[in-house]
Amino acid sequence: MSTLPKTLTLDTSTSRANPTPQPMKRLTVPRIRQRKGGGEPLVMLTAYTVRQAQLLDPHCDMLLVGDSLAQVIYGLPHTVAVTMEMMALHGAAVVRGSYHAAVIVDMPFGSYEASPEQAFANASRLLKETGAAAVKVEGGKVLAPTIEFLTQRGIPVMGHVGLTPQAVNILGGYGVRGKSDEEARTIVEDAVAVAQAGAFSIVIEGVLESIAIEITGKVACPTIGIGASAQCDGQVLVTDDMLGMFERVPKFVKRYQDMAGVIDGAVKEYAQQVRSRSFPTDDQIYKG
Ligand code: KIV
């Protein structure tokens, strides 16, 4: 028996234009910023669809429409091929399915690196078409002028340093970053530059723990760790990873469920019942 509150009933007539099923206020970027340091850590998960957003929303402070949808939804080898259209459509679905969490949408590779003006055109499109609160960009010092440009023009930006998956073709893979002193120093400097440029929070991904702790101590905005440190101001995981939808479990992922196993069991039973004609029964049949 489900214990889900009534807010989670899938109601296709409910949209952002209508009142929320239960009155509640969505978390804002300034309120997230205020959560820096020591208090209750920020909870973030990725979300890509309306139903997933509905289920995650009551428990999360932020929902990230990550470009990890490349692998999770589209079966692509990496995030480089993700388009603005994908991010806009999935972002809008997640906003429609959530009422409490702040929704942040990843800017896809190639949509913000060329110039601050290019970034503004694409980030403003994402905010207009999705209703999300903010965008996320990957990169360090080189992106600081762009982050400043966006934040000064009304677009809140979440940074992302350390392992930056959009740079997979430069990095050559997804190994942990910051093993050499020089690389560690660069990652810390990147995070400081991103924070000083006005980012309201920073994802730190796939770095040695000491680097995440140093950044968290140095920057004025909340840090959100993934493969980083419990001392970050918050944590994020790819939802499908933590729910056990995939066989591969990276070191930084904790599997909280075996959803792949649950689905396999249910579908196996359905297939057996169809083949043995024990589904449908009279309960599922309309009789005159
Ligand atoms: O795309 C994504 O899901 C992300 C998180 C892993 C931080 O960027």
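Arg51 falls short on exactly one of the conditions (1) surrounded by fewer than 22 Cβ atoms within 10 Å (Cβ to Cβ); (2) within 16 Å of the ligand (Cβ to nearest atom); (3) within 19 Å of Met242 (Cα to Cα), and that condition is (2).
Do we have any residue at all in the stretch 243-259 that's over 23 Å from Leu45 (Cβ atoms), surrounded by fewer than 23 Cβ atoms within 10 Å (Cβ to Cβ) and of a type in the set (A, V, I, L, M)? No, that holds for no residue. Residues of the stretch 166-195 that are under 17 Å from Gly217 (Cα atoms) and in contact with an Asp or Glu (Cβ under 6 Å, 6 or more places away or on another chain): Val188 alone. Being away from the ligand (no atom under 13 Å from the Cβ), without any contact (Cβ under 8 Å) to a residue 24 or more places away in the chain and surrounded by fewer than 19 Cβ atoms within 10 Å (Cβ to Cβ) holds for only one residue in Gly75, Gly37, and it is Gly75. Just one of (1) within 18 Å of Ser201 (Cβ to Cβ); (2) touching a helix residue (DSSP H, G or I) at 6+ places or on another chain (Cβ under 8 Å); (3) crowded, with 20+ Cβ neighbours inside 10 Å fails for Thr130. It is (1).
The criterion of being assigned by TED's automatic domain parsing to the domain that holds Ala193, away from the ligand (no atom under 16 Å from the Cβ) and closer than 19 Å to Ala47 by Cβ holds for Glu129. Among the residues of this structure, Asp181 does not count as one that is surrounded by 14 or more Cβ atoms within 10 Å (Cβ to Cβ) and either modelled with pLDDT of 95 or more or outside the structural domain of Leu150 (by TED's automatic domain parsing) (or both).
Residues of the stretch 94-116 that are more than 16 Å from the ligand (Cβ to nearest atom) and either free of Cβ contacts under 8 Å to residues at least 12 places away in the same chain or hydrophobic (A, V, I, L, M, F, W, C) (or both): Val95, Ala114.
Contact map, the stretch 218-231: residues that are outside the structural domain of Val43 (by TED's automatic domain parsing) paired with residues that are more than 12 Å from the ligand (Cβ to nearest atom), Cβ distance under 9 Å, separation 6+ or inter-chain. No pairs are found.
The values are calculated or read from the model by the stated rules, or taken from the named source; none is laboratory data. Just so you know, these numbers come straight off a predicted model, no measurement behind them. Backbone-built Cβ (ideal geometry, glycine too); neighbour counts: all protein chains shown.
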